[in-house]
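Q: One structure is given below, represented as structure tokens, and several questions about it will come after.
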Amino acid sequence: MPHRFLVSAAHKSSGKTTVSIGLIAALRRKGYVVQPFKKGPDYIDPLWLTRAAQRGCRNLDFFLSSHEEIRAQFAHGFDADVCLVEGNKGLYDGLALDGANSNAALARLLGLPVILVIDARGMTRGIAPLILGYQAFERDIQIAGVILNRLGGLRHEAKLRAVIEHYTDVPVVGAIPEEPRLSVVERHLGLMPANELAEAEHRIAEIADVIEAHVDLARLLALTHTDRTLPSPLRPAPTAGKRIRLAIAQDPAFGFYYTEDLEALSAAGAELVFFDTLRDRRLPECDALFIGGGFPESFLDALAANEALRAEMRHAIEGGLPTYAECGGLMYLAKSITWQGVTRPMVGILDGDVVMHEKPVGRGYVMIEPTAEHPWCAVDEHAPHAADFCPGALIPAHEFHYSSLTGLPTNTRFAYQMRRGHGIDGHHDGIVKYRLLASYVHLRAVARCDWPHRFIAYARAHCAGKHSVSALESAHV
């Protein structure tokens, strides 16, 4: 019998991500197949959820996707014993006044009971009206149970259990004390990415130990079982034509990729070949290059020290290698990055320097309109999804960057007008140079933005039989 539920909280920073990681890992220990999901635009939490589940986390996002697309993404849990959706912020928080994009709305759309994580520090009798208020605010939302977090000890736990049992009908399925082992190293963009933390597996195991000791997993499963089956997910038919070898930077410095986007790239005809910008001295043989987001500023010395790879990448892009870079990838392709008084040279393809700031420069959802400079539309204007990247289209996306790009020449070509959000300068984003598109915004493969098909079609149109990097290497030698 499958089990499905949404883990939410009364407010952000209640510990729901750590609890979700621990629940997934603890359930896996007991032999359950767990499919994780994350609400909203996020790369960091899904890295941890993926690592805990050993199964790719999928993002569910009201701004970027339609209700039908969200249901289709959730269908990827059809073969899992447990589907766990981690919410963002509080249960009823959201941009819309009517709550149309809240965690509660997602629970309603997918028919999910809610497990509410409550940061109980300093609380006693006041926990009862909090729970009762959350039940009463939207009565069709089923709060199946609560997990009390950051308790002060056994006496604190006993008081809270007595209050909740006396005043409410919501079961307490877990009571977790203040526990140093649950403290995951934090950084300026939130949780440290699991791909960066060398001891990620050990940390996840410790979190699972705590969850197993303080959460009644059997009761949690009993409260969240369902008789409803999910339909088998629709998978895109593979695109006909030449397979494109796509080199993707994936390492501690660059790891922000959506599971769905990588799948869409494969379906579009890409053979995904991963490489490490910190250790690999050469680009893999490839027809195209993709450098996603990450934390290059945290690896300035290692990235700068790999001069051979930087030089080869610069030579390949100058020679016409179709390339797409997002946020951290854009930063890496700049002339330099400066952070905390330290400046290091980067690839040097972009005619600007990156400077890190203490506060976000661009943060949240964006709406971008392609300009006539956008390279992906011109490949075949009659191809499916070509219009997505032509002037007049509006593309939903998101950004989250603490850096700015300075010193760009006045004749810089931009692929996007910012209709909402900051981008590079508050008005534009998406630098176009050679066959490179580099932007601060992160695209998502959804119906209104099938960027994987457009990018791979662009790469295929410019692939001259030989793999681009191989041909360039021969010419360079």
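Q: Going through the cross-link list LYS335/LYS433; LYS335/LYS359; LYS359/LYS433; LYS38/LYS433; LYS30/LYS89; LYS12/LYS39, which pairs have a Cα-Cα distance over 24 Å in this structure?
A: In this structure, LYS359/LYS433; LYS38/LYS433; LYS30/LYS89 lie more than 24 Å apart at Cα.
Q: Peptides 339-345, 227-233: what's the order by average Cβ count within 10 Å, highest mean first?
A: For the peptides 339-345, 227-233, the packing ranking is 339-345, 227-233.
Q: Quick one: LYS242, LYS159, fewest Cβ neighbours within 10 Å first, how do they rank?
A: Exposure proxy ranking, most exposed first: LYS242, LYS159.
Q: Nearest 5 percent is fine: what portion of the DSSP beta bridges confined to the chain is antiparallel?
A: 45 percent
Q: List VAL354, VAL33 from most exposed to least, where exposure is judged by having the fewest other Cβ atoms within 10 Å.
A: With the fewest neighbours first, VAL354, VAL33 line up as VAL33, VAL354.
Q: If you don't mind, another one. Please give the contour-minus-distance gain from ASP216 to LEU394: 0.36 nm per residue of separation, less the Cα-Cα distance, rounded to one decimal in nm. Before the final figure, lay out the partial values.
A: Numbers: separation 178, 0.36 × 178 = 64.08 nm, distance 4.70 nm.
So the chain would gain 59.4 nm between ASP216 and LEU394.
Q: Right, next: Would you grab the residues whose amide H sits under 5 Å from the one on VAL7? Only those 5+ places off in sequence or on another chain, please, with H modelled 1.01 Å from N.
A: For VAL7, the qualifying residues are VAL85, GLU86, GLY87, ILE115.
Q: Shifting gears a bit: Using Cα-Cα distances under 8 Å and only pairs 6 or more residues apart, what relative contact order does region 359-443 have, in percent?
A: About 36 percent, as a whole number.
Q: Hey, in the chain, which Cys have no second cysteine's beta-carbon closer than 4.7 Å?
A: When partners are defined as cysteine Cβ atoms under 4.7 Å apart, the chain leaves CYS57, CYS83, CYS286, CYS327, CYS449, CYS463 without one.
Q: Return a whole-number percent for the relative contact order of the chain, with Cα pairs under 8 Å and 6 or more residues apart as the contact set.
A: So the answer I get is 13 percent.
Q: Continuing with the same structure: Cut-off is 10 Å between beta-carbons; in what order do GLU86, GLU212 appear when sorted fewest neighbours first?
A: GLU212, GLU86
Q: Straight-line reach only, C-alpha to C-alpha below 24 angstrom: list the lysines that LYS242 could link to, leaving out same-chain residues fewer than 8 apart.
A: Counting by Cα, and skipping residues close in sequence, LYS242 has these lysines nearby: LYS466.
Q: A further question on this structure: Kindly rank 311-323, 450-462 from highest to lowest mean number of other beta carbons found within 10 Å of each residue.
A: By packing density, highest mean first, the sequence is 450-462, 311-323.
Q: Also: What's the local net charge at ALA104, with K and R +1, D and E -1, over the other residues with C-beta under 12 Å away?
A: Summing Lys/Arg as +1 and Asp/Glu as -1 gives 0.
Q: If R0 is 45 Å, what FRET efficiency do you get for ARG121 and VAL273 from their C-beta distance, rounded to 0.05?
A: 0.40
Every number here is computed from the coordinates shown, using simple stated rules; none is lab data. Since this is a predicted model, take the numbers as computed values, not measurements. A quick note on method: Cβ atoms are made from the backbone with ideal geometry, for glycine too, and the neighbour counts reach across all protein chains shown.
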